[in-house]
Amino acid sequence: MLNDKDVLFVLRLFLALIFFIPPALWAELSSVTSPDGLNSFIALEQVRNKMRELEEVQGLDEAQKKKLLDLYQLTKERLQTAQGYGDKARVYRQAIEAAPAKIEEINRHLASPGIDKAMAALEQIPGETPLSELEQQLAAEQAGLATLESSLAGLEKQWQEQQSRPRQARDQLTEAKQQQERIENDLKALPPGETSLISEARQLALQARLEVYLNEINMLDQELSSHNVRLQALKAQRDLTAQQVWQTQARVKFLEALIRQRRREEVGQAQEAAARAEWEAAGKHPAIQELAAQNARLSKEFATLATRLSRITAEHEAAEAHLKQMEQDFKNARQSLEIAGLNKALQQFLQDQRRSLPDLSHYQEETEQHRVEMAEVGLSQLRVDGQRRQLNKLEDAVTQVIAEQVGPGLAPSPREEIKVEVRNLLKGRQILLDKLSAIQSQYLRSVGNLEFIQQQLMERARQYAVFLDEHLLWIPSAAPLDFQTGQDLLAGMVWLLSLESWQDTARALGSIAMEEPLLIIVVILIFIGLLQVRYNLGGTLKTTTERITMPYADRFSFTLRAFIVTLLAAAPWPLLVGFIGWLLRVSPEVPGFAKAVGAGLTAISLPLFLMHGFRLLCRSHGVAIDHFGWQQQTVTLWRKNLTWVIPVMLPALFVATVAGAEANEIYAESLGRVGLLVSMVALAVFFQRILRPKGGIAERYLDEQPRSWLSRFRYVWYPAIVFLPISLAGLAMVGYFYTALHLKNEIVVTLYLIIAAALVHDLAIRWLEVTQRKLALLKMRERREIERVTQSTREAAGRSGAGIPTKLDIYQVDIQTVDSQTRQLLRTVVGLSIIVGFWLIWAPTFPALGILNDITLWHHTAVVEGQEVQKPFTLANLALALVLALVAFGAARNLPGVLEIVVLRRLSLVPGSRYAITTLLRYAIGSAGIVLVFDAIGGSWSQIQWLVAALTVGLGFGLQEIFANFVSGLIILFERPIRVGDVVTVGDISGTVSRIRIRATTVTDFDRKELIVPNKSFVTDRLVNWTLSDPITRITLKMGVAYGSDTTLTHQIILGVVNANPLVLEDPPPSVYFVGFGEGTLDFIVWAFVRELGNRYPLMHELNTAINRALGEQGIEIPFPQRDIHVRSVNMPALNGLGSQRAPEADCPPSQQEDSVT
């Protein structure tokens, strides 16, 4: 058997035989390369053979063998990579040689394309060619067009990539040369301490790696050398493919036009034939007339469907052209951004693209309509196919018609004539049904294709809109303010104040009123009605205020009514302004200035309604003071500042919108910019007066909560909010007018969101306060019941001398806890709503919010359609997980209180059941939150099922008692074998149940010690509940009288004493029995029932005392207990010996006689 040295010698010899060279010659031979860059002496097949031989060698250490195989495997992979680089280098060299001739050939073909033979063949199609054959040719041409367009798109992409490829190739070339130097240095200094076999294999792997970089360097050199010629060839091929696409498109359009023409001809022929047959059938047999009428209906259905198919085809062509144009615009925008960067010229181009981007929402409506039509056509096709199957056997169908509709008494000759005409009509119907079925199938395919292209168009439009929105904000849209801006401002003011333009607007409005008188009258009536509501607002608010001051008559509906009436009172003028603006905007006949005025009026209608409505809410004795409980100082501050900001901001907003809606950009960049500046300055002053820490709306909160983050950072958020409008004004001044205008809209909408959230919060608090009063009554009833139970138990225990808990922990509605939980949950919901609203408002604006999905933190494995894929975990997923965790935490803490106040109090549930439901809900919310958060961070059940199984087993053994107590607590809460206040005995513990929780129950024993008993004991151990369903218990007294006593008299005396005691219940009645003869007594037993457990010992005391006294008065003796002791004579020496063995204190001498001691 070979030893280790023999094995090493054999391996070295075999290695030398395989490679024919010693390792020392590697460095010298590495410089000898083939033309493709791969060293000729390193053969990939030789490495494979070496690996096979090494696997067959016996006696080699397995660890060393595995390391050698790994190194050879690495060498093989590197040689394969090097070979791939060599193949690419060879392709690049061939391109240098072959590309010029190919380019010349393509250019010659492009210069003189010649006649499109396929198009010429289509033009020579005979007129009698069937329509189905034309449709087949069209399908083939469309398939070829799709292939060519896909090839053209691929060539376009390659051409764009190749334009920037030289820079990337040079970077790769530099990196490859640096790696080459590192490897050459590594070859000179191999790690010491390795065996010769390992060292040789490692050197071979390094040589293979060196070959990779040498071949990569050669490949990159060839790529750079051939880049220009390959780029020219690629461009020529792209132009040739584009020409082929254009030719194929021409053939497709020709065939489509030809098919439409043939279809119209077929429709005309079918209608003409049906009409002629119907005309010829006039006056003939009713069966012939009926068949002719049916054929006419089929021809009309065929014509209608053909018309609809033409419409669908036209829509498909328009949508396809729109999609191609949009993709081209998108491509041009990307290229322009890469070439020109962010400048004003590009901003104008992108802004024009954004404005021209159509609203594709009507495509969704068309899709729904098309689906309805497809369902109708599908059902009709089923009917048509059924009729076609019936006419497959034409003679049978003719016979059936003759038998059903032609009487048997008709003469043979007329009968045969009718049969011939019926046969002809059924043949015509068969042809019509075939054509109708074909066009129905074509219609369904066309509608499906149209829906697909529309979906693509909507998705591409969405992507294009996102792209434009991400870049428009960061490009200047106007020149900074200068002297020219002042001149433009004067021109804009002249345009805005033009009397002629306003007269034209008034005339246009009058014309619209004359065209739509009914609509105008309806709006005027609504306006008058709202004015009446405004006039009666004071009386309505006074009435509701009087009602809410009466606690027992207060209802939340009063507040809701006052709130709605206040908003309606603020609506008349905003409604009128918005309606006039809408009329001017949608009417096609109005001039441009009038449309701009309409845009301005529409823009200020909603702010006017919201600001005026909020001002009315803050009026004296309004909703804010009387219903929401706002401070008078806060209400006065809001009302005072809204009074001046409305006439300042709204006109400025109107001017900015009118100028921006005009086609002339000079007005928008001058007059519109000034309007924006005025509105932003006014908004900054408004924020300064409303939000200042001293004298602002938050002054009271800041004083009461000095340690809150809002108070601590008041000198951070206050100047930031005030400075925000000023910063937008600065952006507009330096040329970012579009950016400032867009951000201004988002700020205003955010302000609306915050005010709306505050109003909703106050409405919810108002509802909570009203509901709290109802809960107070419920709590009062529960408190009375608890006091009754406690007092009854205390009285019974006082008589028995046993201790009881001073307070029974009976679950009841804790109004303060419920109110606190509900308010906290409400604040959480409102806060999250504001965050979500803020995200929806600002996410399209700031790309930083949109790129959260592009920031990948890590990857995780997910199963998609049965396959494992790597999915990224992004910063957006992390934010979602944090939000879910916050929501779950807040809901688990506060939702049970809301459930108590909203649902459980309306159900007839005992307190223990309510506690069980809220506890389970808290655990369920927590579990659901954990699952959702885990799913948000990329987890799946398949990844954690084994961990969960292991944890379940571990917890089952380690924490089985805790889980058993938890489940037992649920059983106790639902089955209620014990209740708070019950007197129980479990094991050696007796006492009163004073508290029941999910894990353990507190029992207060008769010494007033609180014992914590695990819930499992109440479920698995023997439990005695003395007061579960009936608190009545029985006491048993045993007594005896002396022999010779009158047993009848004794029975009467005892029974009389028992019946006379007030603690003994009459039902069940007490019982007294003479039960037997004892050793020295006649034995009696007494059974009596008491109402409560606490009466047992008092009753036993009273009965024993009374019976003893009554029997003594009647001379009936209760004998003493008697014991007989017999003493026998014993041997004294033995007794003395026994005494010496006992304890010294045994000093009672034995007696020599027999005594009887009683």
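The values are calculated or read from the model by the stated rules, or taken from the named source; none is laboratory data. Keep in mind it's a predicted model, so treat the numbers as computed, not measured. We place every Cβ from the backbone using ideal geometry, glycine too, and count neighbours over all the protein chains shown.
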**Prompt:** Restricting attention to segment 723-763, which residues are more than 33 Å from the chain's Cα centre (by Cα) and surrounded by 19 or more Cβ atoms within 10 Å (Cβ to Cβ)?
**Reply:** 725, 728, 729, 731, 732, 735, 736, 737, 738
**Asked** Considering 82, 99, 140, which residue is outside the structural domain of residue 235 (by TED's automatic domain parsing), part of a helix (DSSP H, G or I) and out of contact with any strand residue (DSSP E or B) (no Cβ under 7 Å at 6 or more places or on another chain)?
**Response** 140
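Residue by residue, here is whether (1) among the aromatic types (Phe, Trp, Tyr); (2) surrounded by 14 or more Cβ atoms within 10 Å (Cβ to Cβ); (3) over 21 Å from residue 109 (Cα atoms) holds:
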| residue | (1), (2), (3) |
| --- | --- |
| 223 | no, yes, yes |
| 229 | no, yes, no |
| 245 | no, yes, no |
| 264 | no, yes, yes |
| 276 | no, no, yes |
| 282 | no, no, yes |
**Message:** residue 543 - would you say it is more than 20 Å from residue 655 (Cα to Cα) and loosely packed, with under 12 Cβ neighbours inside 10 Å?
**Reply:** no
**Message:** Cβ contacts < 6 Å: first residue closer than 18 Å to residue 622 by Cα, restricted to segment 527-556; second residue β-branched (Val, Ile, Thr) and assigned to a helix (DSSP H, G or I), any location; separation 6+ or different chain. Result?
**Reply:** 540/565; 554/548; 554/770; 556/770
**Message:** Just to check your reading of the model, which residue among 613, 629 is in a helix (DSSP H, G or I) and not charged (D, E, K, R)?
**Reply:** 613
**Asked** Does residue 257 satisfy being part of a helix (DSSP H, G or I) and touching a residue at least 24 places away in the same chain (Cβ under 8 Å)?
**Response** no
**Item:** Complete set of residues in segment 671-698 that are charged (D, E, K, R) and in contact with a helix residue (DSSP H, G or I) (Cβ under 8 Å, 6 or more places away or on another chain)
**Value:** 673, 689, 692
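Residue by residue, here is whether (1) assigned by TED's automatic domain parsing to the domain that holds residue 630; (2) surrounded by fewer than 16 Cβ atoms within 10 Å (Cβ to Cβ); (3) not in a helix (DSSP H, G or I) holds:
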| residue | (1), (2), (3) |
| --- | --- |
| 640 | yes, yes, no |
| 654 | yes, no, no |
| 657 | yes, no, no |
| 666 | yes, no, no |
| 673 | yes, no, no |
| 690 | no, no, no |
| 703 | no, yes, no |
| 716 | no, yes, no |
**Message:** Among the residues of segment 1110-1129, are any outside any helix (DSSP H, G or I), at pLDDT below 65, of a type outside the set (Lys, Arg) and over 17 Å from residue 1065 (Cα atoms)?
**Reply:** yes
**Prompt:** If you go through segment 170-222 one residue at a time, how many are under 20 Å from residue 79 (Cβ atoms) and of a type outside the set (S, T, N, Q)?
**Reply:** 26
**Prompt:** Where residues in segment 1023-1052 are surrounded by 17 or more Cβ atoms within 10 Å (Cβ to Cβ) and assigned to a loop (DSSP other than H, G, I, E, B), which of them is nearest to the chain's Cα centre (by Cα)?
**Reply:** 1027
**Message:** Restricting to segment 58-79, name every residue that is closer than 15 Å to residue 200 by Cβ, hydrophobic (A, V, I, L, M, F, W, C) and either touching a Lys or Arg at 6+ places or on another chain (Cβ under 8 Å) or in a helix (DSSP H, G or I) (or both).
**Reply:** 68, 69, 71, 74
**Complete:** Given the conditions (1) out of contact with any Ser or Thr (no Cβ under 9 Å at 6 or more places or on another chain); (2) buried (at least 18 other Cβ atoms within 10 Å of the Cβ), every one holds for residue 212 apart from (1)
**Asked** Would you pick out the residues in segment 966-989 that are more than 15 Å from residue 917 (Cα to Cα) and touching a strand residue (DSSP E or B) at 6+ places or on another chain (Cβ under 7 Å)?
**Response** 977, 978, 979, 980, 981, 982, 983, 984, 985, 986, 989
**Asked** Can you tell me which residues in segment 990-1022 are assigned to a strand (DSSP E or B) and either outside the structural domain of residue 919 (by TED's automatic domain parsing) or of a type in the set (D, E, K, R) (or both)?
**Response** 995, 1010
**Prompt:** Taking segment 395-416, which residues are surrounded by 15 or more Cβ atoms within 10 Å (Cβ to Cβ) and not β-branched (Val, Ile, Thr)?
**Reply:** 397, 405, 415
**Request:** Determine whether residue 581 is over 46 Å from the mean Cα position of the chain (by Cα) and assigned to a helix (DSSP H, G or I).
**Result:** no
**Message:** Tell me the residue from 528, 524 that is surrounded by 12 or more Cβ atoms within 10 Å (Cβ to Cβ), assigned to a helix (DSSP H, G or I) and either in the same structural domain as residue 598 (by TED's automatic domain parsing) or in contact with a strand residue (DSSP E or B) (Cβ under 8 Å, 6 or more places away or on another chain) (or both), please.
**Reply:** 524
**Message:** If a residue must be farther than 25 Å from residue 917 by Cβ and touching a helix residue (DSSP H, G or I) at 6+ places or on another chain (Cβ under 8 Å), how many such residues does segment 1007-1026 contain?
**Reply:** 1
**Message:** I need every pair where a residue in segment 291-312 that is assigned by TED's automatic domain parsing to the domain that holds residue 372 and in contact (Cβ under 8 Å) with a residue 24 or more places away in the chain has its Cβ under 7 Å from the Cβ of a residue that is surrounded by 15 or more Cβ atoms within 10 Å (Cβ to Cβ) and not in a helix (DSSP H, G or I), sequence separation at least 6 or different chains.
**Reply:** 292/281
**Prompt:** Among 200, 194, 156, 184, which is surrounded by 11 or more Cβ atoms within 10 Å (Cβ to Cβ) and either in contact with a Lys or Arg (Cβ under 6 Å, 6 or more places away or on another chain) or outside any helix (DSSP H, G or I) (or both)?
**Reply:** 194
**Item:** Any pair with Cβ under 6 angstrom, 6 or more apart, that starts in segment 1071-1084 at a residue that is on the phi < 0 side of the Ramachandran plot and at pLDDT below 90 and ends at one that is in a loop (DSSP other than H, G, I, E, B) and of a type outside the set (A, V, I, L, M)
**Value:** 1080/1119; 1080/1122; 1081/1119
